[in-house]
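Take a look at the structure below.
Any read-out appearing in this document is the output of simple, stated calculations on the displayed coordinates, not a laboratory observation. A quick note: this is a predicted structure, and the numbers were derived from the prediction, not measured. When we count neighbours, we look across all protein chains shown, and the Cβ atoms used for this are built from the backbone with ideal geometry, even at glycine.
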Amino acid sequence: MLQAITSWKRMKIKLCDLSRRQRRYLDLAARIAQQSTHACQNHGCVLVKGGSVLNASCNKNNYCDFGSRFRDYGKKMYSTVHAELGAVLGLDRSITSGSVAYVVRVKGDKYRMSKPCPMCEQALRFCGVKKVVYTTNDDSVIVEKL
């Protein structure tokens, strides 16, 4: 289903219409999200290229300055490690280029809206990630080309 998207910038797809492999990546991201140390937001991200998982991460209460260079506003402050940033940290751009990021936010056993923030979106674009698949509140995902 993801390969069929060529002229779309953003497309909404029901979870039941995803392939088994894509649902497996989302389930893995959900399991990673449950390991989050953040009190309120449990996000998980799985970075996939060519059918192989490159890296996985959840949001943490740790701080890093990597994300601050991708902020739109002028404040250069430390930010917490978002799941998307954690997934690309430590990987060379030649590895992440052309990959797909699956981002999930869980609350209990339900998926919630997990659209990457502008800082994470710019960082993923900088690292060469070509698509982001993120969950919504209504049992669907949004596939967004970066």
_Restricting the calculation to Cα positions, tell me the Rg (one decimal) and the Dmax (whole number) of region 8-145 in Å._
13.9, 43
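Apply 1/(1 + (r/R0)^6) to the Cβ-Cβ distance of Arg31 and Leu91, taking R0 = 30 Å, and write down the FRET efficiency to the nearest 0.05. Walk me through the numbers before you get to the answer.
Details: r = 21 Å, r/R0 = 0.69.
It comes to 0.90.
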*Using modelled amide H (1.01 Å from N, peptide plane; none on Pro or chain starts), what sits under 5 Å from the amide H of Asn55, excluding residues fewer than 5 places away?*
Leu47
*Got a sec? Which residues in region 102-117 would a label at Arg10 touch, if it sits 7 Å along Cα→Cβ and we count backbone N under 12 Å?*
114-117
*Count the lysine pairs in region 8-145 whose Cα atoms lie under 15 Å apart, taking only pairs 8 or more positions apart in sequence or on different chains.*
16
